[in-house]
1. Do you know which of the residues in the range 1-41 that are of a type in the set (S, T, N, Q) and either open to solvent by 70 Å² or more (accessible area, probe 1.4 Å) or farther than 19 Å from Phe71 by Cβ (or both) is nearest to the chain's Cα centre (by Cα)?
2. Mind checking which residues of the range 55-65 are surrounded by fewer than 18 Cβ atoms within 10 Å (Cβ to Cβ) and either modelled with pLDDT of 90 or more or assigned to a helix (DSSP H, G or I) (or both)?
3. If you check Met50, Met116, which single one turns out to be crowded, with 16+ Cβ neighbours inside 10 Å, at pLDDT 80 or above and either acidic (Asp, Glu) or over 13 Å from the mean Cα position of the chain (by Cα) (or both)?
Amino acid sequence: MGKYYIKYGIGIAMALIAYFLLTKLLGLHQYPILSAANGVIFGAGILMAMKSYKTDKTNFKYQKGFQIGLFSGGIATVLFAAFMSLYIFQIDTQFAEAILDSWGLSYNKGSLIVIMSLVIMGFATTLVLTLAFMQLLKESWNTKS
């Protein structure tokens, strides 16, 4: 089962990194509203992981599908946070300050708050999307009349 969430977790992270680099290339990376597309990327990856697992298994259990979704999104979140940490602390040290300025925050602007926000949003997005997709993919217990 690990092959599913590792494969799709890495795929989601690569798509998130590619999207960020594309927005950077276009000069749009400092607009937090564009990070809403990260949810679409997470959703597509998690749904593909769950569907792939469901088609390969004859008996699809809710717990296993839920685990696939959480672990895929969790791995993607950790990898993307590691990339963003590298980017913020090594490549563009002014990026975090620009993001915090756009949020209208006027206290000590630390880069760590941006990374923590990214991790919390990634895990929250993963949990919500996993719960939603499992409602679509779970086996029905309704009896046929």
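1. Taking the candidates together, the pick is Ser35.
2. Listed by number, the residues that qualify are Thr55, Asp56, Tyr62, Gln63, Lys64.
3. The unique qualifying residue is Met50.
The values are calculated or read from the model by the stated rules, or taken from the named source; none is laboratory data. All values derive from a computational prediction rather than experimental measurement. Cβ atoms come from the backbone with ideal geometry, glycine included; neighbour counts cover every protein chain shown. Ligands, DNA and RNA are excluded from the accessible area calculation, which covers all protein heavy atoms including side chains. Shrake-Rupley method; radii C 1.70, N 1.55, O 1.52, S 1.80 Å.
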